[in-house]
Structure formats: C-alpha cells, structure tokens
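Asks: Just dropping this structure here.
Since every read-out is calculated from the coordinates, none of them should be taken as a lab result. Just so it is clear, the model here is predicted, and its values are computed rather than measured. Backbone-built Cβ (ideal geometry, glycine too); neighbour counts: all protein chains shown.
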Amino acid sequence: MNATPLQFRDPVLARSMAATLQRLVAQLDRPVAVMHVCGSHEQAIAKFGLRSTFPKALDVIMGPGCPVCVTDVPEVDEGVLLARQGVRIATYGDMLRVPGTVQSLADAQADGAKIDIIYSPRQAVEIARETSEEVVLFASGFETTAVATAAVILDDPPPNFSVLSAHKYIPPVMEIVAEMPGSRIEGFLAAGHAAVITGSDVFEPFVERNGVPVVIAGFEPMDILAGLVELVELILAKTPKVLNAFPRCVTREGNRAAQEQLWRVFRQIGGRWRGIAHVPNGNLRLRDEFAHVDARKRFTIDLPSLWDFAPPALARQCICGDIMAGIRNPRDCRLFNRECTPENPIGACMVSNEGTCKIWHLYGGVPDLEASA
Amino acid sequence: MNRVALKQGGGGRAMRALIEKVFVRDFATLPFDGVGISAMDDGAAIRLGDEWLVVTTDSHVIHPIFFPGGDIGRLSISGTVNDLAMMGATRVLGLTCSVILEEGFSLEWLEVVQRSMVEACIESSAPVVTGDTKVMGRGELDGIVINTTGIALTRTLVRDNGLSAGDRIIVTGSIGEHGLAVMAARHGIDVDGKLVSDVAPMNSMIATIVDKATAMKDPTRGGVSSALHEMASKSGVGIVLDERSVPMTPQVRAVGELLGIDPLHVANEGKALIGVHAADAEEVVARLRMHPLGRDAAVIGTCVAERPGSIILDTGFGRRLLAEPEGEPLPRIC
Amino acid sequence: MCLGVPGRVIEVREFTATVDFWGVRKDVSLMIVDEPVAPGDYILNHVGFAIRRIPPESVAETLALYEMLIAGDDADLMTSDVRGEISGAAKGTS
C-alpha cells in the first residue's frame, strides 16, 4: 500500500496519458485555452516539467489560483500595521514577502516586528498558548485552508489569539474570468482539495450559467494529465459538464461537516483581488458572532495612515486580469519588467512564484523545452 | 532608511546583490595579483611563487546551535576547510577561530561546541593556530557567533568558472540534508532520527580527485541550485540536470514535500559539486565512492553551450528551467 | 503543505492522529475529516488537518480509470458520456 501514491507519478504511464492528450488536441485542430485555478496545480505542473509535455496548441493558463498573490494591498497593509503596532503575527511562509503599500511583512520584520512562520493554524494557537502577548493569525488561503482556520476558532482558542482573515473563495472568481469579454478560456481545471470540502456539485450552477466545462483534478502528474484529457474531451464533444477526475478524494456533496464549520464561522463579502478587480462574494470574513476572535474588531488598524503613499495609478495599469483570462500576455503590459518586477511586484502574476508574469520575467517568455526522452 | 533584510543572508540572488553593491564594488578597485574579491569564489588565492596561498573566511550564526548531526562548532570548522578544498587546497596549514559570546551563554554548551571543533580539526588534519574571544552584553548578540579563517597552499587551483560544454557534473553524495534537518528541528517535525545534517570536512575526499576537477563548488546556502547557477553563469555554459539521478534520501524527499521546499534549494555542508571532462567522469565517481563521505557520488548533469547561465531540470516527465532561490526557503502553504 | 501528500495513519487519539508520510511522522487534527479513521487508513492532509479519508479501493479504481482514458478511442461521444457517468457519479459518498 505504501507504493500506491507513487503510481500516480509513474513517468511511463504519464507519457501515455500525455500522448492521449496530444491526440485529442490534434483532433480539435485549433488552438485551445483552458485555465486552472490552483497554485498547487501550477506548482505540480512546474515541478514535474509537465508544460513541456503539453501539446503546443493547448494553452494551460494559470488563473488566480495563488491565494497569497491575489491578497490585495489593503489586506497586506492590515497585517503590516498590526505588526508595526507590536502585535505578534503568525502567517504562512509565502505571505511574508507580498508587498503592501509601503512594506511587506518581511520589511516590517527587518524593522523589528515579531513574525512567526507557520504551516498550520494549530501552530499559531500553540504560540498563543505559550505567551501572554497578543498573537494574530494572518490567515490566507482558499476555502480548504479557511476550513482549518474555522476549526481552530471553534476549538476554544486562548484569549490572546485572534484571526485576521484574508481568506478567499474560488467559485466567484471563475465567474469573473468566464464573463470577461474576449476571454479565450474554454474549460476549467478545478482544485481537488477545495472540492474535497465543497463537493463537485458546487460547480454545477457555474457550468449551467456559463456553458463551460469544469473538471476537478488532483495534484499528481497523472491526475493533472488525466484531468486535462477529460477536459479536452468535453470541449471536443461541446458538452459543458462538471466531471470529477479525483474520485478517490472528491464526492458530489463534499465534506458536509467541514462546510458547516466553514459557513458557521465565515461569511462572504465582495472585495478586490490583486490584479483582478472586484470579485463579488470572493472574500471570507468572520461573522459577527465571532467578533471576539476577529483581529479587525479587537485592534484599531489605521489604514488611512498609509493612503498618502498609495500608488493607485500604477495599480490601475496592471492587466493581470486579462493575462489570467488568456486575453493578453505579459509583454502587452506597460509595467512588465519596468515598474513591475519580482522585487517590486504590482500584480498577482508577478508575486506568485509560478505566476505567468514571473515565469516570463525569469525565463524571458515561455521556455521552449521538450519532454523527457 | 534602507535596511538589511533577512533574505539577504540566504545565499540567493538577494545576498549576491547586497555583496556586490556594498562590498565588492569598492574593494575590487585595490590592486591585487591573484583570485580576489571580485571573483566571489569560495576563497581567495594569492600567488606565492609557483604555488597559490588560498585564504577563506566564514562567520557562523546558525540557530539552533545544536541540531541533529552536528552543531555550530563542527560547522565552523568544516565550512572553512571545505571552502579551501573547493579551491583545490586540501592540506590546511592553519585555522583561526574567533568567538563572540553573549553574556549568560552556558559554559557547558561552550565546552560541547569546543569539543566538536576539536573533533572536526582532527578529521581534517587542520590545526586551529590562533583566535580571539569577546563577550557582549545580554541581548546584544544571539548566543554565539563563530568566525573561522583558513589558509592552505596548493599547486592546483580549481575555480568555480572552469566548466566547458560537454563536461559532466558530479555530486559527492545525497543532498538537502543539512538545511532540512535544521528546519525540521526548528519546526518540531519528528523524522524518527533519520534526518541529520551532513556537516563534515571533505578535504581528504576531495584530495583524491582534485587533479581531474575542471570546476568545484560546495552547495551551501541556496543549495545545489544556487551553486550550479553560479558555476554555469561564471563559466558561460548551461547545465542540464537529471533530477532522477540526484541522490536524495526518502526522508529528505518527504520533509521537502511536507514543507513545500525543494531540496535543490536547501543547504548542504558536507557535499561538493565537481565538474569533470566527460572521459574522466566514471573514474572520478569511482574514486569518490572509495571514501566514506562519497559512497553515493553520482553524475547528475551535463554542461551544454545553449542557454548559458541557466539550469534545465529534466524531471523524468518533462523539462523545466530551475529557478534560483530568492532568499531563505520558507515552508509554503500554497 | 499545499500538495496535500497522502499519509498513512499510525495511531489514532480522540481528536488527533499520528500519520506517516514516507517516514516522516506528523500529528494531524481529525476535526475536519467527516468519517472515522483507523490505523492503516490513508488520509489527505492540508495544513495539519486530515481533510479526507482515502478509501483504499479508490486508488486502484482511479488507476483503472486512467488506463481506460489512455486506451480510449478517438472522440466517441458515447464512450465519453459513459465515462463521464462513471467518474461523475463518484465512488461512494463515503
């Protein structure tokens, strides 16, 4: 049984699946663009070098699937301001360097703020138990991670613990992308983990409204390739449906208990996603009943103090939204590699390690590499 | 006011940028005959007749100071001995040892650290010949800082820029152990005692192959990725790295996956990357494997003329470009 | 943590379990997973929480599905629909 997870990484099997994908896309006989909305998918694709195995006519675009990257400037500012007020912040590693209006958390840390890097919200609670200082969990991540935050909130955390929620919810942003005029996206690969919680049914209304197929895929190379095969098959058959290509982990109704916990603690509000503009119902905030653990209620966060520094003009020129929709590419952006670089990123695509703009910046375009021999 | 950030100590691009901007630019204007500061190699080499006097220095600030497989003492000796070895200088003439202690530091701990240093000196036949000790007030320093400087003589100077297209890249053993062992210890990840730092002085192993090395570098901070990037760009070649042939223990793989950290970006303190002509590869691997530290030595890559400065990773599924690490590797959520 | 490596349950306590990920032992919380887990089970982990128990037979079934996809004939609408039903119906609610 120990060997089974590794069968989803078998290079021989993967090559056969890649060949199937080639065949199907060749049948389509035209360029086709699909989108995935999960940072883990992009990580896996990048890590295993899968892009070099995809047919050239198939464009697998990374959408707004990196929750940290789409965390907008004001949200980062809230964390930074708290840190500068002397509050101890616990956050995930990739949140540390995301730029705010003036500083990132890393900059605040260099100035003496106390920031703990964690990889589980439970760690944040442990830190709070071991100290008398105020500890704030700066909680980023999509619905899968929000469930974990909800669980620790419901598990009687100590009085010096509170949560600054920057959680996001994926299905609403898929609507935005699908509705963008000129969007080339013909199908979506949905994140397996989020679907473990929400169930595959959550995508039915989206598919009905937009007539675009959604395939839920896992994260091993085989899962991703199989997911793409199923997606292209649906596109070929002009059949908009929800398909579950991750049945070992995803069911139609998902994890009901987890959903209950999630919606007991969080409510949806609209908000800006970095590089995408306003996403109705795309942000998760703590409900009023949980004001006692809400960092936004416990502390006064003086956001206006930063507004004098805000560079709104630059942010307005960011075209990440179009890039993620597949309408334009980084070279179309006036800021790309000039005002917007990995050291000074304006939009989500440049913040994410696997974002389109970052990849183009690092490699001068999509690298033309072949599959393994 | 601009301030130094943690990532600038991490060994990646950020650190190189800091060094170049603040230090190298002006120091490099002073006249000097040999391999000096602008080369930013593992050490400096000063011409002495028909030999080279190789000098290197390192400050050690690691925390925790005791980690699975070693401690700051062992690290401070091994690190400097290894830098000398990477320049081809495997017979160490002498080491200096400067220690700065925080008031209140445990004397027992100091003794353990000192014993580790002595052990490492014996292993590498490198005597500590002089040193310095200072004490700073409580809170002015984090525990202990050790600086070691080493000097050695060599006739064969090996640089990190000597690769040519067609050369093979050899690694002397399994990677990712030091950095991940330290990180696992810091984050309280229990690995059943099998994830330990590889910290060790390599000079006796390197001595067996120094005549065949076209280039050498030890993948410390920034890992194999950082070191190969430097070698590739200084040499003007690209490197194709075969991921499947990179030796790695299952524990390193597992902890890397769990924390979302690529072992290729993680520090090693007892491994070397060696460039060799293709015809010498087999023999060099054989010689390395005869040494206890080199049992898992393997050829992991080939130098190519295309894409100079880039590292292409062949994953077994497909190819991708290996990015340089930005700063300190951090556990990721997504 | 994001890739949610599947791990094997070694020991179960009231709200937490010790899980083995290729030799690394980690403590995970059972507060989210919606069914009981027992030693020997595989679970999917995300940021220190088990989010799903992976039924052992589903692994073999998924691999079989993948074999079918690979062997699959060119755009046969019928086959594609049938296949859709199989994976869409999803293996068991629990």
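Asks: Do any chymotrypsin sites (Phe, Trp or Tyr not before Pro) in the range C:1-71 lie in a DSSP loop with no more than 15 other beta carbon atoms within 10 Å, and if so, which?
Replies: Counting only loop positions with at most 15 other Cβ atoms within 10 Å, the chymotrypsin sites (Phe, Trp or Tyr not before Pro) in the range C:1-71 are C:15.
Asks: Counting DSSP beta bridges with both partners in the protein assembly as shown, what percentage is antiparallel, nearest 5?
Replies: Antiparallel: roughly 65 percent of the beta bridges in the protein assembly as shown.
Asks: I would also like to ask the following. For B:22, A:293, what's the fewest-to-most ordering of other Cβ within 10 Å of each Cβ?
Replies: B:22, A:293
Asks: Another question, then. Given +1 on the Cβ of Lys and Arg, -1 on the Cβ of Asp and Glu, and no further charges, what dipole in debye does the protein assembly as shown carry about its Cα centre, rounded to the nearest 20?
Replies: The calculated dipole for the protein assembly as shown is roughly 940 debye.
Asks: Which of rounded, prolate, oblate describes chain B, given a ≥ b ≥ c as roots of the alpha-carbon gyration tensor eigenvalues and a/c under 1.5 marking rounded, otherwise prolate only if a/b is larger than b/c?
Replies: rounded
Asks: Between the DSSP loop rule and a limit of at most 15 other Cβ atoms within 10 Å, which trypsin sites (Lys or Arg not before Pro) in the range B:152-256 are left?
Replies: Listed in order of number, the matching sites are B:155, B:194.
Asks: Sticking with this structure for a sec: Would you mind getting me the FRET efficiency between residue A:300 and residue B:279? Use the beta-carbon distance for r and R0 = 51 Å, nearest 0.05.
Replies: After rounding to 0.05, the efficiency reads 0.10.
Asks: Once label points are set 7 Å from the Cα along Cα→Cβ at both residue A:269 and residue B:17, what is their separation, rounded to one decimal in nm?
Replies: In this crude spin-label approximation the distance works out to 3.5 nm.
Asks: Let me ask something else about it. Calculate the all-directions average of the projected area of the protein assembly as shown's alpha-carbon convex hull, and give it in nm².
Replies: Taking the Cα atoms of the protein assembly as shown, their convex hull projects to 33.6 nm² on average.
Asks: Evaluate the distance, in nm, between pseudo-label points positioned 7 Å from the Cα of residue B:46 and of residue A:29 along their respective Cα→Cβ axes.
Replies: For the pair residue B:46/residue A:29, the computed spacing is 7.6 nm.
Asks: How well do other chains shield peptide C:62-68, expressed as the mean number of their Cβ atoms within 10 Å of each residue Cβ?
Replies: Numbers: counts 13, 7, 0, 5, 14, 3, 1.
The per-residue average across the peptide is 6.
Asks: Projected onto the charge dipole of the range B:1-152 (+1 at Lys/Arg Cβ, -1 at Asp/Glu Cβ, origin at the Cα centre), which of B:59, B:76, B:125 gives the Cα projection farthest towards the positive end?
Replies: With unit charges placed on the Cβ atoms, the residue in question is B:59.
Asks: Net charge near residue A:89, counting Lys/Arg +1 and Asp/Glu -1 over other residues with Cβ under 9 Å of its Cβ?
Replies: +1
Asks: Right, here's the next one. Would you kindly calculate the translational diffusion coefficient of the range B:5-127, applying Stokes-Einstein with the Kirkwood radius from alpha carbon pairs, for 4 °C and a viscosity of 1.567 mPa s, and quote it in µm² s⁻¹ without decimals?
Replies: Rounded, D is 79 µm²/s.
Asks: A further question on this structure: Can you figure out the FRET efficiency of residue B:233 with residue B:130, using R₀ = 51 Å and their beta-carbon distance, to the nearest 0.05?
Replies: Here the calculated transfer efficiency is 0.90.
Asks: Further question on the same structure: Quick check on the exposure proxy: order C:31, C:68, B:117 from fewest to most C-beta atoms within 10 angstrom.
Replies: Details: C:31 20, C:68 14, B:117 24.
Ordered by Cβ neighbours within 10 Å, fewest first: C:68, C:31, B:117.
Asks: Hey, what number do you get for chain A at 222 nm if only DSSP H runs of n ≥ 4 count, each worth -39500 (n - 2.57), divided across all residues, to the nearest 500?
Replies: -11000 deg cm²/dmol
Asks: To the nearest 20 debye, what charge dipole does the range A:29-177 have about its Cα centre, counting +1 at the Cβ of each Lys and Arg and -1 at the Cβ of each Asp and Glu?
Replies: Working: 11 positive and 19 negative charges, 106 e Å.
Here the size comes out at about 500 debye.
Asks: Among the chymotrypsin sites (Phe, Trp or Tyr not before Pro) within the range B:14-86, which fall in a DSSP loop and have no more than 14 other Cβ atoms within 10 Å of their own Cβ?
Replies: B:32
Asks: Turning to a different aspect of this structure: In nm, to one decimal, how far is the modelled label at residue A:129 from the one at residue B:59, with both set 7 Å along Cα→Cβ?
Replies: Placing both labels 7 Å beyond Cα along the Cβ direction yields 3.8 nm.
Asks: How much mean residue ellipticity at 222 nm does chain B get from its helices, if each DSSP H run of length 4 or more adds -39500 (n - 2.57) and you divide by all residues, to the nearest 500 deg cm²/dmol? If you can, show how the numbers build up before the last one.
Replies: Numbers: 8 runs with 86 residues, N = 334.
Calculated from helices alone, the mean residue ellipticity at 222 nm is -7500 deg cm²/dmol.
Asks: Can you run phi through the Karplus equation (6.51, -1.76, 1.60; θ = phi - 60°) for the range B:212-219 and list ³J(HN,Hα) in whole Hz, with x for Gly and Pro?
Replies: 9, 7, 8, 7, 8, 7, 9, x
Asks: So for A:341, B:315, B:130, fewest C-beta neighbours within 10 Å to most, what's the order?
Replies: Neighbour counts put them in this order, fewest first: B:130, A:341, B:315.
Asks: Also, quick follow-up: Let me know the mean shielding of C:17-29 by other chains, meaning the per-residue number of their Cβ atoms within 10 Å of its Cβ.
Replies: 6
Asks: In the range B:208-316, if the dipole is taken from +1 on Lys/Arg beta carbons and -1 on Asp/Glu beta carbons about the Cα centre, which of B:268, B:213, B:256 is farthest to the positive end?
Replies: Looking along the dipole axis, the top candidate is B:268.
Asks: Only bridges with both residues in the range B:229-334 count here: give the DSSP antiparallel percent, nearest 5. Could you put the intermediate results ahead of the total?
Replies: Numbers: 7 of 11 bridges.
So the antiparallel bridges amount to about 65 percent of the total.
Asks: Then there is this: For the protein assembly as shown, with the dipole built from +1 on Lys and Arg beta-carbon atoms and -1 on Asp and Glu ones, taken about the Cα centre, which of B:97, B:141, A:182 lies farthest toward the positive end?
Replies: In the protein assembly as shown, that residue is A:182.
Asks: What longest range of chain B stays clear of loop-exposed GluC sites (Glu not before Pro) (DSSP non-H/G/I/E/B, at most 16 other C-beta within 10 angstrom)?
Replies: Excluding the exposed sites themselves, the longest stretch runs over B:141-305.
Asks: Still on this structure, please answer the following. Just the number, please: percent antiparallel of the DSSP beta bridges in chain A, rounded to the nearest 5.
Replies: Details: 8 of 38 bridges.
Of the beta bridges lying entirely in chain A, close to 20 percent run antiparallel.
Asks: Strictly over 31 Å apart at the Cα level, which of B:234/C:26; A:114/A:297; B:134/B:234; A:47/B:271; A:241/C:26; A:358/C:26 would you flag in this model?
Replies: Correct reply: B:234/C:26; B:134/B:234; A:241/C:26; A:358/C:26.
Asks: Name the shape class, rounded, prolate or oblate, that the alpha-carbon gyration tensor gives for the range A:205-351, where a ≥ b ≥ c are the square roots of its eigenvalues, rounded holds for a/c under 1.5, and otherwise prolate holds if a/b is larger than b/c and oblate otherwise.
Replies: Oblate, since a/c reaches 1.5 and b/c is not below a/b.
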